Each structure stands twice: as structure tokens, then as C-alpha cells.
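Student: Submitted below is the structure of interest, expressed as C-alpha cells.
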Amino acid sequence: MNLKGKSAIVTGAGRGIGREICAALADHGVKVAAVDIKDSLLAETAALLQSKGVEVKSLVANVARGEDADKVCDEVAGAWGRIDILVNNAGITRDGLVLRMKDEDWNAVIDVNLKGVFNFTRSAARFMVRERSGRIINIASVSGLMGNAGQANYAASKGGVIALTKTVAKELASRNVTVNAIAPGFISTDMTAALPEEVRKRMLEVIPMRRMGEPKDVARAVIFFAGELADYVTGQVLVVDGGLLM
Ligand code: NAP
């Protein structure tokens, strides 16, 4: 996989899947701009990446704000000359049954999970189109493909990410910019640790591989889409879920 010297922006890089994606890119010699809403966790990600000997930037930004996305992309392109890879990973949950869902919980999830992907895609694509080269990789979810009771906001946001992925793939294909999505199933991070034990047990029973995924299972799919093995792949959704959805 020849990714050495390329530059990447990863959102939601402070922990979980985002941090693991940063580490996998750094292992392949990629310069990584790690973006998160909180400074404290970013410092840990940055220290991990520096130990791998690649150039690193830690940038605090809220993906839901268009001006933050522009600032991050301008800074990365200014410092490193180009943006080769964008991984839209930042995401949140505010679960609840639809009859009781508050406007603020709907809006918060759509703003971060869907508008955040739009904001960073629009900002980074300006540079990728100019270079006639780029990879945009969006972290969706199986919830966006199959729905999930208690996650109307989250599933709608992730379904929206999948539609956005296909649309932007069509718009940018002629400029040699590919846009793909990964739909993880049940991955072991703080997000799933917050679920009640009963829900976790039930999830494990319906996963044919009988285990939760690890952040590295998702990071490996990112490396595939970022590298030359996926040169002719765009507008696709790769499900990484141990067989949950089939
Ligand atoms: P996580 O452990 O909660 O990490 C998410 C990271 O995103 C956190 O560092 C969080 O910062 C950051 N973030 C939240 N809002 C942000 C914002 N507005 N701007 C910038 N950064 C923000 O989640 P994860 O499990 O690693 O999930 C990563 C992605 O995978 C998400 O898109 C999620 O929907 C998706 N996914 C996860 C699973 C799973 O089973 N874990 C399954 C399918 C899809 P804070 O520390 O401040 O919260």
C-alpha cells in the first residue's frame, strides 16, 4: 500500500475509531491532521502518532460548523500543500424512541453526523478537485442501512451520509476524487460501552461472528479505500459488522 508522504484529515480523532484510523494511516507513513472538538483527548492521539515518526497536527474544531471545516482544510492544505485523504468519522448518539425524541436531540445528531460530513467534504473537495486527486471516506453505520429502534436521529443521519457519499462520488468522479463509506456494525468503543448490558448481550447474539468489532477492523477498511487497491472504487458502502447485516 503506497500511502507514504500523503496527507490526511481525520475528524473525531480524539478517541475510539477515529484514533485507530489515525494510527493506521500513520503506520503507512501518512501525515495526519487529527481533528476533534476537545483538546484534552487530541493530545493523547497526537502523542501516539508522533511516536510513529510522522508529521502530525492536532486541530480543535466542531464539525457542525462550516467555518471550522474551512479553517482546518485551509490550514492543512497551506502547511502540507494538499489534502489527499479526508476521513469523516466524528459522530454522536442521542438515543430515544421517536415518540419521545426532543428537537434538540434530533438536531444535535443531524448537525454533527450529517452536516459535519457535508461541511468537511465541501471544504476539502476544493483542494482535491484542484489536484485532480483525492479520497473521501465517510464513517456511516449499519443503522443507516437497516434502521435501529431507538435511533431515529442517528439512523437518519447515517442513511443521509450514505446518500451524500453516492451523490458526491458522482459529482467528483471525473476529477479523480473517490468517495466511499464504511458501515460499521457493533464496535467496541466508548460509544457502545455506554449501552446497557442487556442491549450489548442481545447484539452479540445476532452477530454471526459472535464478537464485537474492534476499531482496527474499521481502520483496515479505511486503509483499503485510501490506497491504490481501491483506485477504481467509488460510491460504495463497505459493511464491517461480523455478518450482522446480510
Ligand atoms: P466515540 O468513541 O464517541 O468517538 C467519537 C469522537 O468524535 C470523540 O472523540 C468525540 O469527541 C468526537 N466528536 C463528537 N462530536 C464532535 C464534533 N462536533 N466535532 C468534532 N469531533 C466530535 O465514537 P466511536 O465509536 O469511535 O465512533 C466513531 C464513528 O463511527 C462515529 O461516526 C460513529 O457514529 C461511527 N460508528 C460507531 C459504531 C460503534 O459501534 N462504535 C458503529 C457504527 C458507526 P468527544 O470526546 O468530545 O465526545
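The numbers here are math on the coordinates, done by the rules we state, and not lab data. In this text, all values refer to a predicted model and were calculated from it rather than measured experimentally. In this analysis, Cβ positions are derived from the backbone assuming ideal geometry, glycine residues included, and neighbour counts consider all displayed protein chains.
Student: Between residue 52 and residue 170, what is 0.36 nm times their sequence separation minus the Cα-Cα distance? Round to one decimal in nm. The partial results should precede the final answer.
Tutor: Details: separation 118, 0.36 × 118 = 42.48 nm, distance 3.56 nm.
This chain segment gains 38.9 nm when fully extended.
Student: Give me the angle, in degrees from 0 to 90, between the Cα long axis of helix 39-50 and the longest principal axis of the Cα atoms of the chain, rounded to the nearest 10.
Tutor: Orientation of helix 39-50: about 60 degrees from the principal axis.
Student: Right, something else. Which FRET efficiency value, to the nearest 0.05, do you get for residue 148 and residue 122 by plugging their Cβ-Cβ distance into 1/(1 + (r/R0)^6) with R0 = 25 Å? Spell out each step's value before the answer.
Tutor: On the way: r = 28 Å, r/R0 = 1.12.
E(calc), rounded to 0.05, equals 0.35.
Student: Mean separation of Cα pairs under 8 Å and 6+ residues apart, divided by the residue count of the chain: what relative contact order is that in percent? Before the final figure, lay out the partial values.
Tutor: Working: 513 pairs, mean separation 47.6, N = 246.
Over the chain, the number comes to 19 percent.
Student: I've got another one for you. Output ³J(HN,Hα) for region 8-23: one whole-Hz value per residue in order, computed from phi by the Karplus curve 6.51 cos²θ - 1.76 cosθ + 1.60 with θ = phi - 60°, and x for Gly and Pro.
Tutor: Result, ordered by residue: 9, 10, 10, 8, x, 8, x, 6, x, 4, x, 4, 5, 5, 4, 5 Hz.
Student: Okay, moving on. Taking amide H positions as placed in the peptide plane 1.01 Å from N, state which residues far from residue 238 in sequence (5 or more) or on other chains have amide H under 5 Å from it.
Tutor: 181, 182, 183
Student: May I ask which residue of 129, 12, 160 lies farthest towards the positive end of the charge dipole of the chain, with charges of +1 (Lys, Arg) and -1 (Asp, Glu) on Cβ and the Cα centre as origin?
Tutor: My answer, from the dipole projection, is 129.
Student: Continuing with this model, one more query. Evaluate the charge dipole of the chain about its Cα centre and quote only its size in Debye, nearest 20, assuming +1 on the Cβ of each Lys and Arg and -1 on the Cβ of each Asp and Glu.
Tutor: On the way: 31 positive and 28 negative charges, 94 e Å.
Rounded to the nearest 20 debye, it is 460 debye.
Student: For region 55-91, list residues with backbone N below 20 Å from a point placed 7 Å from the Cα of residue 129 toward its Cβ?
Tutor: Inside the label zone: 66-78, 81-88.
Student: Measure nothing but the geometry: give the 0 to 90° angle between the long axis through the Cα atoms of 66-80 and the longest principal axis through the Cα atoms of the chain, rounded to 10°.
Tutor: Here the helix axis deviates by roughly 40 degrees.
Student: Same structure again: Based on DSSP H runs of at least 4 residues, each adding -39500 (n - 2.57), what is the mean residue ellipticity at 222 nm of the chain after dividing by all its residues, to the nearest 500 deg cm²/dmol?
Tutor: Working: 10 runs with 112 residues, N = 246.
Rounded to the nearest 500, it is -14000 deg cm²/dmol.
Student: A follow-up question, please. In degrees from 0 to 90, rounded to the nearest 10, what is the angle of the helix 215-226 Cα long axis to the longest principal axis of the chain?
Tutor: That helix lies at roughly 40 degrees to the long axis.
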